[in-house]
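Data first, discussion second: the structure below is written as structure tokens.
Read-outs: derived from the displayed coordinates by stated rules, not from any lab. From a predicted model like this one, the values you see are computed outputs, not experimental measurements. Positions of Cβ are generated from backbone atoms using ideal geometry, with glycine treated the same way; all protein chains shown enter the neighbour counts.
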Amino acid sequence: MKKSPTIRTLSQLSKQGVLPQMTKALEKVAAQFSISVTPAMLNIMSPHNHEDPIARQFIPSEQELNIHPDELSDPIGDQTFSPVNGIIHRYPDRALLKLLSTCPVYCRFCFRREQVGPDKGVLSSQEIKKALHYIREHSELWEIILTGGDPLMLSDRRMKEVITQLNAIEHVKVIRIHTRVPVVDPQRITKDLIKALQGRCPVYVLVHCNHASELTPQARKACALLVDHGFPLLSQSVLLRGVNDDPVVLSELMRTFVECRIKPHYLHHGDLARGTGHFRLSLTKAQHILKQLQGHLSGLCQPHYMLDIPKGHGKIPVGPCYAEQKGEGWVVEDYKNKKHIYNDKEFEE
């Protein structure tokens, strides 16, 4: 597909040939949930293919109007744990710093889809000052996670200012960045950005990617630039119906991560965001898929399957279990689905 500017409207999507047809229902979707698709993602979509795994992630669907009673505007309880604007402090030793609420692309399954958009903006200088003050006043905060929106949409200057101030807080030892940018807008990863990120604290970059085809040669080059300059890369993905809910597709994604020096980290169960039910699998189906990776896929490639409990109760691992206690021993299952008895006894000294 010919390179084009970032797409932000239904009419632009229609002109690109990636929107089946304009309907009143789609207009309602666009009025509720933001649209943005970068040239990097448009270039790898298959026009008129409703089942294309890339298009499915970014092109609006009438199914988004189907709201399940259990779905929530704030499914993981961000607002409950936000003591000051821009801070989410849910866990004891780490906090999120939400610097902005805009993204280069708007994923149709996003758990913050009602908090992000081009009109949501960036924290003001005064708001950033208050957020940093909160971090200084809470010495238990060992790690700060930059999120949003996508923090790598900030200018190099503003990013450097924030990183410099975080590095000046003695009890902050690690900085983490959650981003889709290296994949969806790889040209943003420059040496100037890398200089802005460097400082006392190690900076871990968690790259959001859901399908191996997203890791284009340009994306791989952007990721390599980060790794080569000392930034460890880990992955974040979401298990999505019609995108990667297949053990072969999922294996290819995880292997591609490792080939790109990205350590598979979290594979998320779909959150209960409003209008995202067509993407979610049951936990039973998800565990069945994950079980098919065990033993057939290198340990380097195994992600942690995670559920973010609604209303802010935190993440828990919900992957398949291979051991069950029976009396004083255990029944354990190997990757070929064969069960074995393992006697688990402590030796007396």
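If packing is taken as the average number of other Cβ atoms within 10 Å across a peptide's residues, how do 306-312, 137-143 rank, most packed first?
Working: 306-312: 16.3, 137-143: 13.9.
My ranking of the peptides, most packed first, is 306-312, 137-143.
Anything over 26 Å Cα to Cα? Flag those among 195/263; 195/221; 129/315; 98/160; 24/311; 15/285, in the order listed.
The pairs that break the limit, which is 26 Å between Cα atoms, are 129/315; 24/311; 15/285.
Where does each of 233-244, 254-265, 315-326 land if you order them by average Cβ count within 10 Å, highest first? Write out the running numbers ahead of the final one.
Working: 233-244: 20.6, 254-265: 19.0, 315-326: 12.9.
Sorting 233-244, 254-265, 315-326 by mean packing, highest first, produces 233-244, 254-265, 315-326.
Taking amide H atoms as placed 1.01 Å from N in the peptide plane, list the residues 5 or more away in sequence, or in a different chain, whose amide H sits under 5 Å from that of residue 305.
267, 318, 319
Can you list residues whose amide H is under 5 Å from residue 100's amide H, if they're 5+ apart or on another chain and H is modeled 1.01 Å from N?
Long-range HN contacts for residue 100: 123.
What is the extension gain from residue 322 to residue 119, computed as 0.36 nm multiplied by their sequence separation minus the C-alpha to C-alpha distance, in nm to one decimal? Present the calculation step by step, with values, prior to reporting the outcome.
Details: separation 203, 0.36 × 203 = 73.08 nm, distance 4.71 nm.
Roughly 68.4 nm would be gained on extension.
What is the gain in length, in nm to one decimal, between residue 187 and residue 51 on full extension, counting 0.36 nm per residue of separation less the C-alpha to C-alpha distance?
46.2 nm
Quick one: which residues, 5 or more positions from residue 177 or on another chain, have an amide H under 5 Å from its amide H? H modelled 1.01 Å from N in the peptide plane, none for Pro or chain starts.
Answer set, sorted by chain and number: 146, 204, 205, 206.
In whole Å, what is the distance between the alpha-carbon centres of the stretch 33-52 and the stretch 234-273?
Cα centroid of the stretch 33-52 versus Cα centroid of the stretch 234-273: 19 Å apart.
Among all the aspartates and glutamates, which ones have a C-alpha under 15 Å from residue 191's C-alpha, if same-chain residues fewer than 8 places away are not counted?
Leaving aside aspartates and glutamates fewer than 8 places away in the same chain, those within reach of residue 191 are 156, 228.
Assuming 0.36 nm per residue, please report the length gained on full extension of the stretch residue 15 to residue 339 beyond their Cα-Cα distance. Spell out each step's value before the answer.
Details: separation 324, 0.36 × 324 = 116.64 nm, distance 5.60 nm.
Answer, rounded to one decimal: 111.0 nm.
Return the sequence-ordered ³J(HN,Hα) values of the stretch 232-241 in whole Hz as given by the Karplus equation 6.51 cos²θ - 1.76 cosθ + 1.60 applied to θ = phi - 60°, using x for Gly and Pro.
Residue by residue, the stretch 232-241 yields x, 10, 10, 9, 10, 9, 10, 6, 10, 4 Hz.
Step through the residues of the stretch 199-210 one at a time and calculate ³J(HN,Hα) from phi using the Karplus curve (6.51 cos²θ - 1.76 cosθ + 1.60, θ = phi - 60°), rounding each to whole Hz and writing x for Gly and Pro.
Running phi through 6.51 cos²θ - 1.76 cosθ + 1.60 with θ = phi - 60° gives x, 4, 7, x, 10, 9, 10, 9, 8, 8, 7, 10 Hz.
Each residue of the stretch 18-33 in turn: what ³J(HN,Hα) in whole Hz from Karplus with 6.51, -1.76, 1.60 and θ = phi - 60°, glycine and Pro shown as x?
3J(HN,Hα) across the stretch 18-33, in whole Hz: 10, 10, x, 6, 7, 9, 4, 4, 5, 5, 5, 4, 5, 6, 9, 10.
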